[in-house]
Amino acid sequence: MTIGENSAQDRRSREGHATTRLEHCVAHTLRVIEAARIEREDAPVKAARRHLAEIYGVTRLNRRLERHRHSA
């Protein structure tokens, strides 16, 4: 084996290792996303998110009405 062949093998080995690490990272990220999606769909969490959205909507409406009153 020549030095050039060793270098090419080392590079392929590093690239293969990097690819494997990337695949593991992507797989882990997808598992985390799936767990978050499942948790978000859980009834108590979904209800709490809906409640917070309602509060946010009411708050925005109140602010808009207040600005309208001040400008009128």
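The values are calculated or read from the model by the stated rules, or taken from the named source; none is laboratory data. Here the structure is a predicted model, which is why all the values come from computation and not from measurement. Every residue, glycine as well, gets a Cβ built from its backbone with ideal geometry; the counts of neighbours run over all protein chains shown.
Overview of values
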item: From ALA35, ALA27, residue being at pLDDT below 95, small (Gly, Ala, Ser), assigned to a helix (DSSP H, G or I) and under 18 Å from the mean Cα position of the chain (by Cα); result: ALA35
item: Cβ-Cβ under 9 Å pairs, at least 6 apart or on other chains, the range 48-63 side at negative phi, far side assigned to a helix (DSSP H, G or I); result: ARG49/ARG40
